[in-house]
Amino acid sequence: RFMAKESIFQHPIAGPLMRGMKHIPVDRDAGSTAFREAVSAAKAGELIGVFPEATMSQSLEIKELKSGAVRMARVANVPILPMIIFGGHRVLAYDVKDFSRGRTICMTVGEPWVVPRGADLEELTEQLRSELSNLLDRTIERYPDRPEGAPWIPRRLGGTAPSLEEAAILEDERRERKAAKTRENREK
């Protein structure tokens with residue numbers, strides 16, 4: 001089961017699929033219900049997919065993580081299995097919808113690690129970020145389609161994806177446009 005933003009569950013096509021697969025909707029303004037549901041499911045032996053960045057990284061780098069994955073693992077007393085999925089952004093991302101064939105998607109799974117009771121959550125979240133960054137590098141290294149200047153490769157590796165700083169600005173602008181549209185719809 002994956003945790004995903006609540007709005008996906010309202011989509012006419014994706015919504016029934018998300019609900020049918022029993023994924024967990026997350027209200028980004030009040031996530032405690034989703035947290036409790038995920039912890040209960042993990043305690044019951046289910047595998048919970050969490051994207052700890054809380055949104056796609058336009059830089060294609062690992063950005064700052066939310067602490068929810070680490071907190072859930074600690075409360076549920078289950079290990080974290082760090083994983084990277086790279087290439088999906090070539091199929092579906094903020095400005096990409098390309099369902100043609102021939103797009104490679106690579107996955108790399110790291111070693112499981114246990115979240116010790118009493119450990120510092122911020123420190124462990126940063127440790128998870130570091131582990132995910134290492135897994136990302138390993139995944140991109142074996143990714144078969146890496147031409148110089150490709151927009152689907154991080155800038156530091158010869159691609160033209162925005163830097164972390166540029167991506168943060170783009171995300172702020174996108175959030176503001178979305179908030180303005182929401183305000184506009186409420187006024188109607």
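Mean sequence separation of contacting Cα pairs (under 8 Å, at least six apart), scaled by the length of the stretch 74-143, corresponds to a relative contact order of 41 percent.
What stretch of the chain, leaving out the sites themselves, is the longest with no chymotrypsin sites (Phe, Trp or Tyr not before Pro) in a DSSP loop having at most 13 other Cβ atoms within 10 Å?
On the way: sites that count: TYR94, PHE99.
The segment 1-93 is the longest one with no such site.
Answer rounded, prolate or oblate for the stretch 34-82, using the Cα gyration tensor with square roots of eigenvalues a ≥ b ≥ c: rounded when a/c is under 1.5, else prolate when a/b is larger than b/c, else oblate. Judged from the Cα gyration tensor, the stretch 34-82 comes out prolate (a/c at least 1.5, a/b above b/c).
Need one number: % antiparallel among DSSP beta bridges in the chain, to the nearest 5. Don't jump to the answer; show the numbers that get you there.
Numbers: 7 of 11 bridges.
Taking every DSSP beta bridge within the chain, about 65 percent pair in antiparallel fashion.
Here is the list for the stretch 80-188: GluC sites (Glu not before Pro) lying in DSSP coil, each with at most 14 other C-beta atoms within 10 angstrom of its C-beta, are GLU148.
In percent, what relative contact order does the chain have, based on Cα pairs under 8 Å that are 6 or more apart in sequence? Can you show the working numbers first?
On the way: 241 pairs, mean separation 33.4, N = 188.
For the chain, the relative contact order is 18 percent.
Given R₀ = 30 Å, FRET efficiency for ASP145-GLN10 by Cβ-Cβ distance, to 0.05?
Values: r = 34 Å, r/R0 = 1.13.
Computed FRET efficiency for ASP145 and GLN10: 0.30.
Pairwise Cα distances in the stretch 1-64 exceed 19 Å in 36 percent of cases.
For the stretch 62-73, putting each phi into the Karplus relation 6.51 cos²θ - 1.76 cosθ + 1.60 with θ = phi - 60° gives couplings of 7, 9, 4, 9, 7, 8, x, 4, 5, 5, 4, 4 Hz, in residue order, rounded to whole numbers and with x for Gly and Pro. Pairwise inverse Cα distances across the stretch 101-155, averaged and inverted, put the Kirkwood hydrodynamic radius at 13.6 Å.
In order along the stretch 174-180, phi translates into HN-Hα couplings of 5, 4, 5, 4, 5, 5, 5 Hz, rounded to whole numbers, per the Karplus curve 6.51 cos²θ - 1.76 cosθ + 1.60 with θ = phi - 60° and x for Gly and Pro.
When averaged across all projection directions, what area in nm² does the alpha-carbon convex hull of the stretch 1-109 cover? Don't skip to the answer; put the middle values down first.
Values: hull surface 30.7 nm².
Computed as one quarter of the Cα hull surface, the answer is 7.7 nm².
Karplus-based coupling profile of the stretch 43-54, in residue order and whole Hz: 4, 7, x, 7, 8, 10, x, 10, 9, x, 7, 6, with θ = phi - 60° in 6.51 cos²θ - 1.76 cosθ + 1.60 and x standing for Gly or Pro. Distance from the C-alpha centroid of the stretch 68-140 to that of the stretch 26-61: 12 Å, rounded to the whole angstrom. For the stretch 92-173, trypsin sites (Lys or Arg not before Pro) meeting the loop criterion (DSSP other than H, G, I, E, B) and having at most 11 other Cβ atoms within 10 Å: ARG101, ARG117, ARG142. Once backbone amide H atoms are built at 1.01 Å from N, VAL26 has ALA4, LYS5, GLU6 as its partners under 5 Å, excluding neighbours fewer than 5 places away on the same chain.
For VAL91, no residue 5 or more places off, or on another chain, has a built amide H under 5 Å of its own. Normalised by 2.2 N^0.38 Å, where N is the number of residues, the alpha-carbon radius of gyration of the chain equals 1.09. Histogrammed with a bin width of 5 Å, the alpha carbon distances of the stretch 87-188 distribute as 2, 9, 13, 17, 16, 14, 12, 9, 5, 2, 0 percent, first bin at zero.
No lab work stands behind these numbers, since they all come straight from the coordinates. Note that the coordinates shown come from a computational prediction; the quantities given were computed from them, not determined experimentally. Methodologically, a virtual Cβ is constructed for each residue, glycine included, from the backbone with ideal geometry; neighbour enumeration extends over all protein chains shown.
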